[in-house]
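Accompanying notes for the structure given below.
The values are calculated or read from the model by the stated rules, or taken from the named source; none is laboratory data. Predicted, not measured: the structure shown is a model, and the values here were computed from it. Quick reminder, even Gly has a Cβ in these numbers, built from the backbone with ideal geometry, and neighbours come from all protein chains shown.
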Amino acid sequence: MSTSWPGLSGGKNTVYLSDGSYIMAVKVSDGSLSWKFPADKGDPTRPFFTAPAVTDSQVIVGDYCKAGSLFSAVPTCTLISLDAQSGNQKWMYSQGKGKWVGSPLVVGDTILAPSADGLLYALNQNGVQRWILKTNSSIWAQPASDGTNVYVASMDKNLYAVRLSDGTKIWSKDLGAAIVAGPTLSADGDLYLGTLAKEMLAVDAATGNILQKYSTKGVVWSAPLLINGILYFGDNQSSSAGSVYALDVKTNTAKVVDLNGPIIGGGVKTTDGLVFVTETGDVQAISLDGNKGWTHNIAKAKLYTTPVVVGDRLIIAVSQGDSALVALDFNGSQVWSFVLPK
């Protein structure tokens, strides 16, 4: 049984799961385990929650910090790279002093890793530090990048724009509330991100100016999904309520679909529309025009993690359920489940 808040990412015919003491590669075809790290007994004092960053050759993920030693009160926090095929460790970066919560982002040959110590670390593909951006509070949000600049949101209420090449700050903007989810960057150069003040904001990526605000019923915990000028995202209103929003970015008006549970993770696109998950265990299909489709409930589960789609499978990471992963087809029928190895 998984009891953590797992991280999940998709690759070629494989999903990568960060859950408790392990990082695991699971085959999408049948839910069998390809490898786990560590290969033997995991360290329960160093759990993994961050969704891995996946490239053709690497799986990059940070841990949630082991406590300081007898001689040092400073935690030892590590960002590690694993071989995507074998799960063998390639390198380790141990200069971070905060828990790794946000998922790293790989842009070209640069790895951008946000940390709860308030720093954004830029490393090369061998784990060698290139530059560091300092903010005034924890960074839980995955950055966004257009290949030239990087945009990172901090719990200090600010959104930062820096140069990818050297980390030089271009601008910063106080958005009025803490931000726990990364921005979504449009092809037009606008950034969209939710805050803990129950708002979805549009920000000009060139200047940092706020272009518009949309008030939500609850707190937005995940990055929105932008499809054909419509932002799709969920919120957390209470222990039994959340809504999915289909927000037209031109008119700043939304169609709202209420669900029977808070929505922590983001949405994922399928061939037929979108899927969101709720803390109450529901997997809910939503059409692109904002109507409910099928619902699949995973018994005894809490669902916090953004699902992933690999091929024709929808993969759900499960907390507090009998399985760690559940695979569905695009009609909501279960194909397989994966139980954590003992």
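Here's the yes/no breakdown for (1) surrounded by fewer than 16 Cβ atoms within 10 Å (Cβ to Cβ); (2) small (Gly, Ala, Ser); (3) at pLDDT 95 or above:
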| position | (1), (2), (3) |
| --- | --- |
| 276 | no, no, yes |
| 292 | yes, no, yes |
| 314 | no, no, yes |
| 340 | no, no, no |
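All of 42, 31 fail the test of being out of contact with any Cys (no Cβ under 9 Å at 6 or more places or on another chain), at pLDDT 95 or above and in a loop (DSSP other than H, G, I, E, B), apart from 31. Checked against the criterion of being within 30 Å of residue 278 (Cβ to Cβ) and either out of contact with any Lys or Arg (no Cβ under 7 Å at 6 or more places or on another chain) or touching a residue at least 12 places away in the same chain (Cβ under 8 Å) (or both), the candidates 170, 179 yield just one match: 179. Flag: residue 216 matches the condition of being in contact with a Lys or Arg (Cβ under 8 Å, 6 or more places away or on another chain), under 20 Å from residue 253 (Cα atoms) and buried (at least 19 other Cβ atoms within 10 Å of the Cβ).
Residue by residue, here is whether (1) within 26 Å of residue 204 (Cα to Cα); (2) touching a strand residue (DSSP E or B) at 6+ places or on another chain (Cβ under 6 Å) holds:
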site: 234; (1), (2): yes, yes
site: 250; (1), (2): yes, no
site: 289; (1), (2): no, no
site: 311; (1), (2): no, no
site: 328; (1), (2): no, yes
site: 331; (1), (2): no, no
site: 336; (1), (2): no, yes
site: 342; (1), (2): no, no
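For segment 243-256, taking the residues that are of a type in the set (A, V, I, L, M, F, W, C), outside any loop (DSSP other than H, G, I, E, B) and crowded, with 19+ Cβ neighbours inside 10 Å, the one that is farthest from the chain's Cα centre (by Cα) is identified as 254.
Among the residues of segment 51-84, count how many are modelled with pLDDT under 90 and either aromatic (Phe, Trp, Tyr) or in a loop (DSSP other than H, G, I, E, B) (or both). Talk me through it step by step, then tell me what you get.
Taking segment 51-84 first, the residues modelled with pLDDT under 90 are 64-77.
With the extra rule that they be either aromatic (Phe, Trp, Tyr) or in a loop (DSSP other than H, G, I, E, B) (or both), the set shrinks to 64-65, 67-75, 77.
Count: 12.
Could you list, in sequence order, all residues of segment 13-55 that are of a type in the set (Lys, Arg) and in contact (Cβ under 8 Å) with a residue 24 or more places away in the chain? Passing the criteria: 36, 46.
Within segment 226-242, how many residues turn out to be over 19 Å from the mean Cα position of the chain (by Cα), crowded, with 18+ Cβ neighbours inside 10 Å and in a strand (DSSP E or B)?
From segment 226-242, those over 19 Å from the mean Cα position of the chain (by Cα) are 228-230, 237-241; that's our starting set.
Going one step further and asking which of them are crowded, with 18+ Cβ neighbours inside 10 Å, we end up with 230, 237, 241.
Then drop every residue that is not in a strand (DSSP E or B), which leaves 230, 241.
The qualifying residues number 2.
Of these, 216, 207, 168, 195, which one is touching a Leu at 6+ places or on another chain (Cβ under 8 Å) and among the hydroxyl-bearing types (Ser, Thr, Tyr)? Break it down stepwise before answering.
Details: 216 fails: touching a Leu at 6+ places or on another chain (Cβ under 8 Å); 207 fails: touching a Leu at 6+ places or on another chain (Cβ under 8 Å); 168 fails: touching a Leu at 6+ places or on another chain (Cβ under 8 Å).
Only one candidate passes the filter, namely 195.
The set of residues in segment 84-98 being loosely packed, with under 15 Cβ neighbours inside 10 Å and closer than 18 Å to residue 40 by Cβ consists of 86, 88, 89, 92.
When the residues of segment 316-338 are filtered to those that are touching an Asp or Glu at 6+ places or on another chain (Cβ under 7 Å) and in a loop (DSSP other than H, G, I, E, B), which remaining residue is surrounded by the fewest Cβ atoms within 10 Å (Cβ to Cβ)? Let's see the steps before the verdict.
Here is the first cut: in segment 316-338, the ones touching an Asp or Glu at 6+ places or on another chain (Cβ under 7 Å) are 324, 329-330, 335-336.
From what is left, the residues that are in a loop (DSSP other than H, G, I, E, B) are 324, 329-330.
Numbers: 324: 26, 329: 12, 330: 17.
By that ranking, first place goes to 329.
Is there a residue being in contact (Cβ under 8 Å) with a residue 12 or more places away in the chain, of a type in the set (Lys, Arg) and farther than 17 Å from residue 181 by Cβ anywhere in segment 272-293? Yes, segment 272-293 contains at least one residue that is in contact (Cβ under 8 Å) with a residue 12 or more places away in the chain, of a type in the set (Lys, Arg) and farther than 17 Å from residue 181 by Cβ.
Considering segment 318-336 alone, what residues qualify as being touching a Phe, Trp or Tyr at 6+ places or on another chain (Cβ under 8 Å), of a type outside the set (Val, Ile, Thr) and on the phi < 0 side of the Ramachandran plot? Quick ask: steps written out before the conclusion?
First pass over segment 318-336, keeping only residues touching a Phe, Trp or Tyr at 6+ places or on another chain (Cβ under 8 Å): 319, 323-327, 331-332.
Now drop any that are not of a type outside the set (Val, Ile, Thr), which leaves 319, 323-325, 327, 331-332.
Scanning segment 318-336 gives 319, 323, 324, 325, 327, 331.
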